[in-house]
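The values are calculated or read from the model by the stated rules, or taken from the named source; none is laboratory data. All of these numbers come straight from a predicted model, not from anything done at the bench. Don't worry about glycine lacking a Cβ; one is built from the backbone with ideal geometry, like all the others, and counts go over all protein chains shown.
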Amino acid sequence: MSNDNDNLLSEEDEFGGYDIFDELKRSEESQNSAPEAPEMPLEDTQEPEGDTTPSEPDAAPEEDSSDPDDVLVPGKPKKGPTLKKRARKPLSKRQKTMGVILRRAGVPLPTLDELLRGKHGQSVPISNIAIFLGDSKEPLIEQLTKECPLRNRINMSAEVVKSRIVAIGAQILEAGRMHTPIHVAAIRNQDEDGIHVADSLECVSGRTRLAFLLLAYGPDIEVPVYIESMSLKEARDAVVVANQSRPVKARERAEHAVLKAVGGDTDVEQDDLYKKTVTTKAKARKYCIYSVSERGYPTPLSFPVSLTSSRRDGGITTLTNVENYLGSAMEWTRETPRQQFDNELKVAVEFVNELVDSMRLVDGFEPSQHLSAATMSAIGKYYHVHCRGNGSAAGVASGVASAIVSMGSIGKQEPETTCAALDSLMHS
């Protein structure tokens with residue numbers, strides 16, 4: 001339950017042999033041409049034995065005026081060299097990627113005006129906006145960079161990647177519109193004497209969305225953007241704020257899953273929330289995170305958690321790590337009633353609350369090691385086997401806390417290894 005793997009693209013044919021672009025082209029051509037006769041299999045062209053002299057040697061050979069690509073007449077082999085089946089033109093990286101996006105979204109590509117309806121701002125060709133950092137090892141990004149060559153300086157090392165273009169592009173098409181505006185900085189460039197010479201447009205927020213529009217509609221298409229005049233430093237500060245101020249990771253995923261299930265009704269009753277949201281094990285985890293973090297139900301977390309991995313907001317661990325713990329600790333099936341699931345969720349949260357409180361009192365406690373994603377997953381596995389169903393976490397969590405801290409630097413250790421070591425310590 002850490003980061004979702006979204007790299008669906010490979011060198012393989014993503015359509016399973018179906019070329020959506022070539023098919024559309026052939027469909028248009030067929031409207032202005034007669035249907036072709038079916039291609040007949042070529043007969044064996046081996047020369048017959050015996051005299052092969054023509055019966056009328058003085059007759060001039062009939063001129064063959066047929067085009068080499070003409071369709072064979074049924075029952076009459078074509079003269080000349082053996083015909084070969086025309087090879088299909090291989091799909092380009094752009095075609096393959098767009099095919100995956102369209103297939104995932106399940107809708108045809110709309111016009112740009114449909115996607116950007118309601119958006120206001122200065123219309124600028126995409127090729128005039130700096131999106132990419134420079135050289136990229138991904139062939140698709142390399143191709144798009146050639147179409148949009150201006151170098152983006154304000155995003156430092158955060159490159160636009162193919163997997164995110166696919167994910168964001170599919171989300172935009174599925175929603176039928178792009179909801180968030182694109183923010184562009186007009187960087188005030190100066191010469192060596194400090195004299196203003198020109199402004200360069202560099203994307204602050206929305207680079208992946210711009211890359212998708214570039215992929216789908218080309219570099220010359222104009223898009224409305226919000227432009228703000230800034231220095232390079234101010235623009236870089238704006239990038240940091242934009243990335244820190246948006247909901248991210250576990251909380252964002254949980255909110256999206258729940259709101260989509262209930263049609264945006266945040267006041268829905270808990271029974272309906274569970275019934276409409278929890279249809280898979282993955283969505284059961286989203287239900288847990290949403291209920292605990294947004295509603296404090298069936299009981300809230302007693303320790304601060306961060307929404308980002310930097311933990312700059314003072315969290316002792318992250319909400320994603322808590323999701324890792326609950327995902328391993330809880331159990332759900334289609335037959336699990338809501339009240340039973342919520343009762344088990346309450347006990348699991350009480351356990352982790354007591355665990356963290358106890359860890360804080362143990363010498364050598366390091367949150368980055370003992371409350372990391374892998375360690376929290378291991379604790380959840382141990383809880384599922386030895387504590388789940390006991391109805392109480394009293395007296396168990398403190399022992400687990402001491403055992404985990406005694407293991408030292410285990411933040412990146414495999415959860416199975418940590419869980420086995422924990423089991424040994426707790427039952428020795």
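Only one of the numbered conditions (1) in a helix (DSSP H, G or I); (2) under 25 Å from Tyr274 (Cβ atoms) is violated by Trp332, and that is (1). When restricted to residues that are part of a helix (DSSP H, G or I) and of a type in the set (Ser, Thr, Tyr), region 110-145 contains 2. Being within 28 Å of Thr308 (Cα to Cα), aromatic (Phe, Trp, Tyr), modelled with pLDDT of 95 or more and assigned to a loop (DSSP other than H, G, I, E, B) is a description that applies to Phe365. Going by the structure shown, is Thr308 part of a helix (DSSP H, G or I) and touching a helix residue (DSSP H, G or I) at 6+ places or on another chain (Cβ under 8 Å)? Here the answer is no, as Thr308 does not meet what is asked.
Right, Ser229: in a helix (DSSP H, G or I) and either within 18 Å of Asn155 (Cα to Cα) or touching a residue at least 40 places away in the same chain (Cβ under 8 Å) (or both) or not?
For Ser229, the condition - in a helix (DSSP H, G or I) and either within 18 Å of Asn155 (Cα to Cα) or touching a residue at least 40 places away in the same chain (Cβ under 8 Å) (or both) - is not met.
Being closer than 30 Å to Gln270 by Cβ and either buried (at least 17 other Cβ atoms within 10 Å of the Cβ) or not assigned by TED's automatic domain parsing to the domain that holds Ser291 (or both) is a property that Ala348 has. Scanning region 386-416 for residues that are part of a helix (DSSP H, G or I) and either charged (D, E, K, R) or in contact (Cβ under 8 Å) with a residue 24 or more places away in the chain (or both) yields a count of 12. Return the residues of region 140-176 that are modelled with pLDDT of 90 or more and either at positive phi or not assigned by TED's automatic domain parsing to the domain that holds Pro224 (or both); say none if nothing qualifies. Listed by number, the list holds a single entry, Gly176. Of the residues making up region 288-316, just one is surrounded by 21 or more Cβ atoms within 10 Å (Cβ to Cβ), within 13 Å of Val352 (Cα to Cα) and at pLDDT 95 or above, namely Val292.
Of the set (1) surrounded by 20 or more Cβ atoms within 10 Å (Cβ to Cβ); (2) at pLDDT 95 or above, all apply to Leu319 but (2). Just checking, does region 321-328 include any residue being within 29 Å of Asp272 (Cβ to Cβ), β-branched (Val, Ile, Thr) and within 33 Å of the chain's Cα centre (by Cα)? Within region 321-328, one or more residues are within 29 Å of Asp272 (Cβ to Cβ), β-branched (Val, Ile, Thr) and within 33 Å of the chain's Cα centre (by Cα).
Condition check for Asn189 on (1) outside any helix (DSSP H, G or I); (2) touching a residue at least 12 places away in the same chain (Cβ under 8 Å): one failure, at (2).
Would you say Ser293 is of a type in the set (Gly, Ala, Ser), closer than 18 Å to Met376 by Cα and without any contact (Cβ under 8 Å) to a residue 60 or more places away in the chain? Against the criterion (of a type in the set (Gly, Ala, Ser), closer than 18 Å to Met376 by Cα and without any contact (Cβ under 8 Å) to a residue 60 or more places away in the chain), Ser293 qualifies. Scanning region 264-287 for residues that are assigned to a loop (DSSP other than H, G, I, E, B) and buried (at least 20 other Cβ atoms within 10 Å of the Cβ) yields a single hit, Val278.
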